[in-house]
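Engineer: Please find one structure pasted underneath; my questions will follow.
Just so you know, all these numbers are worked out from the coordinates, no wet-lab data involved. Every value quoted in this text rests on a predicted model; they were computed, and no experiment measured them. No Cβ is skipped: glycine too gets one built from the backbone with ideal geometry, and neighbour counts run over all protein chains shown.
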2 protein chains.
Amino acid sequence: MADPRVLRAMSTPLLGQFDPEFTAIMGEVVELSRFAFQTANARAFPVPGTGRAGLEAAIVSLVEPGDRVVVAECGRFGLLTIEIAERCGAEVVPVRGEWGRIIEPDAIASALEGGRTKILAVVHGETSTGVLQPLEEIARLAHAHGALLVADCVVTLGGCAVAVDRWAVDVATAGTQKCLSCPSGLAPVTFNARAERVIRERRSKVRSNYLDLGQLADYWSPARFNHHTAPTSMVYGLREALRAVREEGLEARFARHRLHGDALRAGIDALGLSLFGKEPPERRLPFITPVVVPEGVDDLRVRRRLIEDFAIEIGAAFGPLQGKIWRIGTMGYSAQRQNILLCLTALESVLRGEGFRAAAGAGVDAALAHYAAAGAAGPLAVDDNLGAGGIGRL
Amino acid sequence: MADPRVLRAMSTPLLGQFDPEFTAIMGEVVELSRFAFQTANARAFPVPGTGRAGLEAAIVSLVEPGDRVVVAECGRFGLLTIEIAERCGAEVVPVRGEWGRIIEPDAIASALEGGRTKILAVVHGETSTGVLQPLEEIARLAHAHGALLVADCVVTLGGCAVAVDRWAVDVATAGTQKCLSCPSGLAPVTFNARAERVIRERRSKVRSNYLDLGQLADYWSPARFNHHTAPTSMVYGLREALRAVREEGLEARFARHRLHGDALRAGIDALGLSLFGKEPPERRLPFITPVVVPEGVDDLRVRRRLIEDFAIEIGAAFGPLQGKIWRIGTMGYSAQRQNILLCLTALESVLRGEGFRAAAGAGVDAALAHYAAAGAAGPLAVDDNLGAGGIGRL
């Protein structure tokens, strides 16, 4: 779900892109993006496209034909990174891992030792499996080998720590439609001076005009370099989404994502379902819960009944996991107690129709017990869990 | 201005991108895009970026490194096309013309004769100068030389005829924020079977994942190939904008753009100002009026007073025309009588402050006389000029 305040902001009448009122909004978006990325980087702004546009902009702007790019892959978005880097003309060295596990730093170190590497690209949160790749050690490895670290933070920004400066991530790219609860359509990115130097000192022109990070940075700076026509309404929406992040506060927001994800997982466990993946909780995304489809239960039929009867959309799986797991997202505005409880009751009901039996009400009871133990029980407030600016229910 | 009904549509809650309700909306957008482009092409859908993303998608998806691309250039957007094609690895042959004139077919024919050409790229409406390039003869030339015609119709779609099938345009790309009165952020495109064959039979991979027209076409077809996450709110907005086009009807919409543009030009003339450009009316955009900045008048100060005091934004000029002309747009929802009259009174007032004198009220009187002669006088209706679904004033 998008945050209703974001949707309302998107229906504001348009300003011209060089109107001082609009450039002031752009300045605010830059400032708020720095806050979300936990960075003091000069460059923090949205690329005018969806999440993968941000990732492609980073790679196409850094890579020159033949550059060596090491990509850590343990899921669908790692595969996408490989494909993008290949299309950008890089010599790609994949480091493949099991889907459902992180990529171990040792495997990455070996790949970096194999040759002079321009970029190490890693997916921070692998949405397809639910794993969270720790970045700090990976950044140290990249730098020890003279490479830049590009991290795909599409799913993590605004939901768990993306500590760009503290971890020394050179380029971080994100999306709007996950934990920011803004519609898809912009890709916030940030990069440090080291990455900017590489972009500015290229020998060849960037192979794209639309996704040229140097030109985009000049448009999003006081230079106001004339590039694309700003997608005004999306910029309004992103500003509002980032304001909601700042008002709630990063720590409170991360804790909220953790709380509701844990409550959901307590309920899933009580229903007799199993989580997918072998990593410990600190290496799992708090807000994506991958659930093993039980024996004899039809994946598609369950998802169809959930959406048709309950208007609850859960994620299908990709590639080798297709039909084997569901992925339940509890991100941004959706991370609210009533949604967790509704999801568990709906799942129990739909699974019963599939012949999978759980003790009636077991899921909800376990989730409620988790809330009580966490001191988060009691009546729902209007702005429950949503910070000063939030609206709990419309 | 965006159409208020489009802005309202954009604040609708989100649907999942594979939700049948959303795929039905996608189907409607395809059907409405065909209507706007006057085509029966199987492929008609929006690229997820602003206007130049659509143009880059067309070129990067058609061109393989070293392909010969002839680009007609008589303004800023011709220059952009050259830059995009170069970055895509094409061997670019520019056909340069005077800014303010169209490119003559003979010049294009000579360039096509110079070598085996993959693509001829032409800007249909050159926003920077106000000229409208006739496309039908150009398409014949392209085909006679075995080339595909790619036309940049960013400014023309929805404002004057873009008769893709009748003129045999192989690929047309557009934008949302001009005559469609939808915020910037999507690029409607259409291409015919001939262009699709070229895309599908490439020897090399498209150099972009994000802008790969083949993959995008598969996402926007019943195949529902999983590509980017749909920018849902923008798709809602585009659907509403295209519905408004269909409700008004193409001929009525083109006549409305012509009527208000002509009324503005009658007023401009009566104020003693001169239009820029030497082409006859049929080779000028009806909805962009380029005005010569009079001797002794400060371009920037006039634009600043117009926006600060009257909230009217008129366009600055680019490159060799900078400081020499203004460009007044009367596109889409903005093409309404009250806007024309307000613009003329504001311009008269601001120019008086610059020491440029015109007979008081001369501009408005001339515009009103034009409306009367055209049978378009009388009180403003609530949905004046805006078709069945429009709302004249809020």
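Engineer: So in chain B, what percent of DSSP beta bridges are antiparallel if you round to the nearest 5? Mind dumping the intermediate values first?
Structural biologist: On the way: 18 of 36 bridges.
Around 50 percent antiparallel, to the nearest 5.
Engineer: Of A:Pro65, A:Phe254, A:Gly51, which is farthest along the charge dipole of chain A in the positive direction, counting Lys and Arg as +1 and Asp and Glu as -1 at C-beta?
Structural biologist: A:Pro65
Engineer: Let me ask something else about it. Within the set of other residues whose C-beta is less than 11 Å from the C-beta of B:Pro320, count the net charge using Lys and Arg as +1 and Asp and Glu as -1.
Structural biologist: On the way: positive: B:Arg76, B:Lys324; negative: B:Glu98.
Local net charge: +1.
Engineer: What net charge do the residues around B:Gly100 carry, taking every other residue with its C-beta under 14 Å from that of B:Gly100, with Lys and Arg at +1 and Asp and Glu at -1?
Structural biologist: Working: positive: B:Arg76, B:Arg96, B:Arg101, B:Lys278, B:Arg283, B:Arg284, B:Lys324, B:Arg327; negative: B:Glu73, B:Glu98, B:Glu104, B:Glu126, B:Glu279.
Charge balance in the 14 Å sphere: +3.
Engineer: Roughly how many nanometres apart are two label points built 7 Å out from the Cα toward the Cβ at A:Arg357 and A:Glu247?
Structural biologist: My value for the distance between the label points is 4.9 nm.
Engineer: Assume the label is 7 Å from Cα along Cα to beta carbon: what separations in nm does B:Arg246 have to the matching positions in the other copies?
Structural biologist: Ordered by increasing distance: 4.2 nm.
Engineer: Another one. What is the sum of charges, Lys and Arg at +1 and Asp and Glu at -1, for the other residues whose Cβ falls under 9 Å from the Cβ of B:Ala358?
Structural biologist: Here the charged neighbours net out to +1.
Engineer: On to the next question. Ratio to report: Rg/Rh of the range A:4-247, with Cα atoms as the point set and Rh obtained by the Kirkwood method; give two decimals.
Structural biologist: Dividing the radius of gyration by the Kirkwood radius yields 0.96.
Engineer: How far apart are the B:Asp298 label points across copies, placing each 7 Å from Cα toward Cβ, in nm, shortest first?
Structural biologist: Those separations, rounded to one decimal, come out as 7.4 nm.
Engineer: Counting pairwise Cα distances across the protein assembly as shown, what percent come out greater than 38 angstrom?
Structural biologist: 41 percent
Engineer: Any idea what the dipole of the range B:247-382 comes to, in debye rounded to 20, about its Cα centre with Lys/Arg Cβ at +1 and Asp/Glu Cβ at -1?
Structural biologist: Details: 16 positive and 16 negative charges, 37 e Å.
Once rounded to the nearest 20, the dipole reads 180 debye.
Engineer: Sticking with this structure for a sec: Hey, what does the equivalent ellipsoid look like for the range B:307-350, semi-axes from the Cα gyration tensor as sqrt of 5 times each eigenvalue, largest first, whole Å?
Structural biologist: Taking √(5λ) for each Cα gyration eigenvalue gives 20, 14, 8 Å.
Engineer: Can you list the residues of the range A:280-307 with backbone N under 18 Å from a point 7 Å past the Cα of A:Glu98, pointing along Cα to Cβ?
Structural biologist: Flagged as within label range: A:280-285, A:290-293.
Engineer: In units of 2.2 N^0.38 Å, what is the alpha-carbon radius of gyration of the range B:156-242?
Structural biologist: Cα-based Rg divided by the globular estimate yields 1.18.
Engineer: What's the exposure ranking of A:Lys178, B:Lys324, going from fewest to most Cβ atoms within 10 Å? Working shown, then result.
Structural biologist: Working: A:Lys178 26, B:Lys324 12.
If I rank by nearby Cβ atoms, fewest first, I get B:Lys324, A:Lys178.
Engineer: Among B:Ala139, B:Tyr219, B:Leu149, which residue has its Cα furthest toward the positive end of the charge dipole of the range B:4-247, with +1 on Lys/Arg Cβ and -1 on Asp/Glu Cβ?
Structural biologist: Projecting each Cα onto the dipole axis, the largest value belongs to B:Tyr219.
Engineer: Turning to a different aspect of this structure: What's the center-to-center distance, using Cα atoms, between the range A:159-174 and the range B:49-115 in Å?
Structural biologist: The distance from the Cα centre of the range A:159-174 to that of the range B:49-115 comes to 40 Å.
Engineer: A further question follows. Test of understanding: in a Gaussian network model of chain A with alpha carbons linked when under 10 Å, which of A:Ile82, A:Ile312, A:Ile325 would top the mean-square fluctuation ranking?
Structural biologist: The residue with the greatest mean-square fluctuation here is A:Ile312.
Engineer: Can I ask one more? Report the number of Lys pairs in the protein assembly as shown whose alpha-carbons are under 21 Å apart, with separation of 8 or more residues or on distinct chains.
Structural biologist: Counting lysine pairs in the protein assembly as shown gives 5.
Engineer: How long are the semi-axes of the ellipsoid equivalent to the range B:1-58, from square roots of 5 times the Cα gyration tensor eigenvalues, in whole Å, largest first?
Structural biologist: 20, 16, 13
Engineer: Given a 10 angstrom Cα cut-off, can you work out which residue in B:Gly146, B:Gly125, B:Gly16 is the most mobile in a GNM of chain B?
Structural biologist: Between B:Gly146, B:Gly125, B:Gly16, it is B:Gly16 that shows the largest mean-square fluctuation.
Engineer: Another question, if that's okay. Is there a quick way to get the dipole size of the protein assembly as shown? I mean about its Cα centre, with the Cβ of Lys and Arg at +1 and of Asp and Glu at -1; what is the value in debye to the nearest 20?
Structural biologist: Working: 86 positive and 90 negative charges, 50 e Å.
About 240 debye.
Engineer: Suppose the chain between A:Arg8 and A:Arg283 were pulled fully straight at 0.36 nm per residue; how much longer would it get relative to their current alpha carbon spacing?
Structural biologist: Details: separation 275, 0.36 × 275 = 99.00 nm, distance 3.56 nm.
Gain on stretching A:Arg8 to A:Arg283: 95.4 nm.
Engineer: Using unit Cβ charges (K, R positive; D, E negative) and no other charged atoms, how large, in debye to the nearest 20, is the dipole of the range A:4-247 about its Cα centre?
Structural biologist: Magnitude of the dipole: close to 340 debye.
Engineer: Another one. With unit charges on the beta carbon (Lys/Arg positive, Asp/Glu negative), name the residue among A:Thr81, A:Ile119, A:Ala241 whose Cα is farthest towards the positive pole of the charge dipole of the range A:4-247.
Structural biologist: So the residue we want is A:Ala241.
Engineer: Between B:Arg304 and B:Ala369, what's the calculated FRET efficiency when r is the beta-carbon distance and R0 is 22 Å? Round to 0.05.
Structural biologist: Rounded to the nearest 0.05, the efficiency is 0.10.
Engineer: Can I ask one more? If the elastic network links every pair of Cα atoms under 10 Å, which of B:Ala311, B:Ala174, B:Ala57 fluctuates the most in the Gaussian network model of chain B?
Structural biologist: Fluctuation is largest for B:Ala311.
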